[in-house]
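**Q** What follows is a structure written as structure tokens; I'll ask about it next.
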Amino acid sequence: MEGKPMLLRALAATGVATSLFGSPAFAGSPPPPQDRIVIDSVTASGTGCPTGTAAAAVSPDGTAFTVTYSNYLAQIGPGASPADAQKDCRLILHVHAPGGFTYAVVSAGYSGFASLAPGASATQRASYHFQGDPRTTTSNHHFKGPFDNTWRTTDTVPVTAVVFAPCGEERSLDINTELQVAQGTSSPSATSFMEMDSTDGRISTVYRVALQRCK
């Protein structure tokens, strides 16, 4: 896999993944097995993640994976086209859980920066589902101008709503995210934007997963 453009690497033991989710994400789940969740491949497509601008890695403890974006920006104002107001990214992950286990996304953390003029607004959305499964978990987070700061959102799936991958079946995990900026009552000459990015061009989106034994 050395030559593949979306090479997956183990995260350094910096505690980045676990620091965002300090407590167990799925109450009552058994400790994860020794083997990590294995992500065979990640396909990213969408206006917010052009080819070569998204990468994924598995955490050292195997219970989280990180997706990093370097060009995920929605904006309005002078010089921006109507299409720039909404950006999206669809990630298709082929994930193998250790033998006898299945997995589910139970929480996710997002970070970025936004600059919204007075009267403008922005929305960050996310949805999660397994291929062929009609059940979808969706979240929406709204921001109102004036706003000029970093932002952080966290999605937590209630225990009763956690959807696990089917045992013994290979199903891809689809994660769809979206950034949208609206002019609202702000001046047409004002620029407003929202990015899932950082000053160095890379920001991590950490998805926490839980393992349980197949029955």
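The values are calculated or read from the model by the stated rules, or taken from the named source; none is laboratory data. Owing to the predicted nature of the structure, the values given are computational and were not obtained by experimental measurement. Quick reminder, even Gly has a Cβ in these numbers, built from the backbone with ideal geometry, and neighbours come from all protein chains shown. Side chains are part of the model used for accessible areas, which takes the heavy atoms of the whole protein and leaves out ligands, DNA and RNA. Shrake-Rupley method; radii C 1.70, N 1.55, O 1.52, S 1.80 Å.
**Q** Sorted by average packing, counted as other Cβ atoms within 10 angstrom per residue and highest first, what order do 83-89, 96-102, 177-183 take?
**A** Working: 83-89: 18.0, 96-102: 16.0, 177-183: 21.9.
Packing proxy ranking, top to bottom: 177-183, 83-89, 96-102.
**Q** In addition: Give the peptides 130-139, 104-113 in descending order of average Cβ contacts within 10 Å, highest first.
**A** Highest to lowest by the protection proxy: 104-113, 130-139.
**Q** Test of understanding: extend the Cα→C-beta vector of Asp40 to 7 Å, then name every residue of the stretch 145-181 with backbone N under 17 Å from that spot.
**A** 165-174
**Q** With every protein chain kept in place and ligands, DNA and RNA left out, what is the accessible area per residue of the stretch 63-215? Probe 1.4 Å, answer in Å².
**A** Working: 6910 Å² over 153 residues.
I get 45 Å² per residue for this part.
**Q** For Cys214, what residues show an amide H to amide H distance below 5 Å, using hydrogens built from the backbone and excluding near sequence neighbours?
**A** Phe101, Thr102
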